[in-house]
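The values are calculated or read from the model by the stated rules, or taken from the named source; none is laboratory data. Not measured: the values here are computed from a predicted model. Reconstructed Cβ throughout: ideal geometry from the backbone, glycine too, with neighbour counts over all protein chains shown. The protein model used for the area step is the full one, side chains on, heavy atoms only, and it has no ligands, DNA or RNA in it. Shrake-Rupley method; radii C 1.70, N 1.55, O 1.52, S 1.80 Å.
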Amino acid sequence: MSATERPSGQQQTGRPAANPCADSAFLRACRREPVPHTPVWFMRQAGRSLPEYRKVREGTAMLESCMRPDLVTEITLQPVRRHRVDAAIYFSDIVVPLKAIGLDLDIKPGVGPVVEQPIRSRADLERLRPLDPDDVKYVTEAVGSLVGELGATPLIGFAGAPFTLASYLVEGGPSRNHEHTKALMYGDPELWADLLDRLADITATFLKVQIEAGASAVQLFDSWVGALAPADYRRSVMPASTKVFEAVAGYGVPRIHFGVGTGELLGLLGEAGADVVGVDWRVPLDEAARRVGPGKALQGNIDPAVLFAPREAVEAKAAEVLDAAQGLEGHIFNLGHGVLPTTDPDSLTRLVEYVHTNTAR
């Protein structure tokens, strides 16, 4: 049965009804329960690696795409149809809620999010008003549409974490060294804390909108937090991330936390409130489990660049990941970061099949 043929079992508004995805391999793995096979999905599985994505996005700017429910629905479904992954992830961008509250920003091709007026003072902070669900009605509509199309395939909600959002806002765009961000964090800790607290509220609202429309899990992306030392993370970042996770805890959906270059932070990412900790490719999953500690599932963690190697090499690396995952309380197979734009889609499809076949219980 195709994704578009499955019946819907969730209402489009309010808290999720009886969830037809509840017994899916993905959600069972999140809950650290036995699974029929190791579930697979890929960060950035919907995007530039797919020719059908490039075709449907032709002539439409990124942020506009994120605000059109018809496009969001189609783009989110594309990798489910093609790769038969075990979960869909809502197509969006981390700056969507910031755009929705009126900040002057754009996503420039080849650059990323660019903020016209960076936030670096107490006066600048006043531009960060709370997010109202009515600001993102298109999200509610798109999630409702997706839940109806996906049926028994779970939908993962998506948001950027407070630190990463703050980094874009303070730097004015992508940064290698995060010098302005760290200068604010170290130089004016009170303003920094207020900035992250406001961003935590905005992020929590954005995730609540997705959950109430029917998302079965949520992932908080803290893409740049690996730039921090553990002590700085605990003191200056973890309170805001914890606030986000606690805000959605009552919904009972699994909460995933992921960052890049976070080998030294893995235990803290779990401590912040995640049920599932995403691991990049730099730390083997068995070592990651030791660092995270008991009571958490893990997600990951093959190097996205491996997918450019011959099929035999990809499968050998996948086998290494699966071997390292033996004995984990719960494991979701994923990349250690997002799908690279020039990845051959067939390589992803074959990888899903390989994991499913070789982990069938």
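Quick notes on this structure:
- Of all residues making up the range 106-128, the number that are of a type in the set (A, V, I, L, M), closer than 16 Å to Thr181 by Cβ and not in a loop (DSSP other than H, G, I, E, B): 3
- Some residue of the range 202-215 being over 30 Å from Asp23 (Cα atoms), modelled with pLDDT of 95 or more, open to solvent by 10 Å² or more (accessible area, probe 1.4 Å) and of a type in the set (Asp, Glu): no
Residue-wise test of (1) open to solvent by less than 20 Å² (accessible area, probe 1.4 Å); (2) free of Cβ contacts under 8 Å to residues at least 12 places away in the same chain; (3) under 23 Å from Leu50 (Cα atoms); (4) among the aromatic types (Phe, Trp, Tyr).
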residue: Asp303; (1), (2), (3), (4): no, no, yes, no
residue: Leu307; (1), (2), (3), (4): yes, no, yes, no
residue: Glu312; (1), (2), (3), (4): no, yes, yes, no
residue: Asp323; (1), (2), (3), (4): no, yes, no, no
residue: Glu329; (1), (2), (3), (4): no, no, no, no
residue: Thr343; (1), (2), (3), (4): yes, no, yes, no
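- Listed conditions (1) over 27 Å from Ala231 (Cα atoms); (2) in contact with a Phe, Trp or Tyr (Cβ under 7 Å, 6 or more places away or on another chain); (3) not in a loop (DSSP other than H, G, I, E, B) are all met by Leu131, apart from (3).
- Of all the criteria given as (1) among the polar types (S, T, N, Q); (2) farther than 21 Å from Ala193 by Cβ; (3) touching a residue at least 24 places away in the same chain (Cβ under 8 Å), the one not satisfied by Thr60 is (3).
- The residues of the range 225-249 that are among the hydroxyl-bearing types (Ser, Thr, Tyr), open to solvent by less than 20 Å² (accessible area, probe 1.4 Å) and more than 15 Å from the chain's Cα centre (by Cα) amount to a single one, Tyr233.
- Any chance Gly102 is open to solvent by 10 Å² or more (accessible area, probe 1.4 Å) and in contact (Cβ under 8 Å) with a residue 24 or more places away in the chain: yes
- Here Gly273, Gly259, Gly252 are screened, and the one residue that is open to solvent by less than 10 Å² (accessible area, probe 1.4 Å), under 18 Å from the mean Cα position of the chain (by Cα) and modelled with pLDDT of 95 or more is Gly259.
- Any chance Pro118 is in contact (Cβ under 8 Å) with a residue 40 or more places away in the chain, open to solvent by 10 Å² or more (accessible area, probe 1.4 Å) and closer than 22 Å to Leu191 by Cα: yes
- Among residues of the range 145-181, those that are more than 30 Å from Arg84 (Cα to Cα), open to solvent by 50 Å² or more (accessible area, probe 1.4 Å), assigned to a helix (DSSP H, G or I) and touching a residue at least 40 places away in the same chain (Cβ under 8 Å), counted: 1
- Within the range 322-345, one or more residues are part of a helix (DSSP H, G or I) and within 20 Å of Val80 (Cα to Cα).
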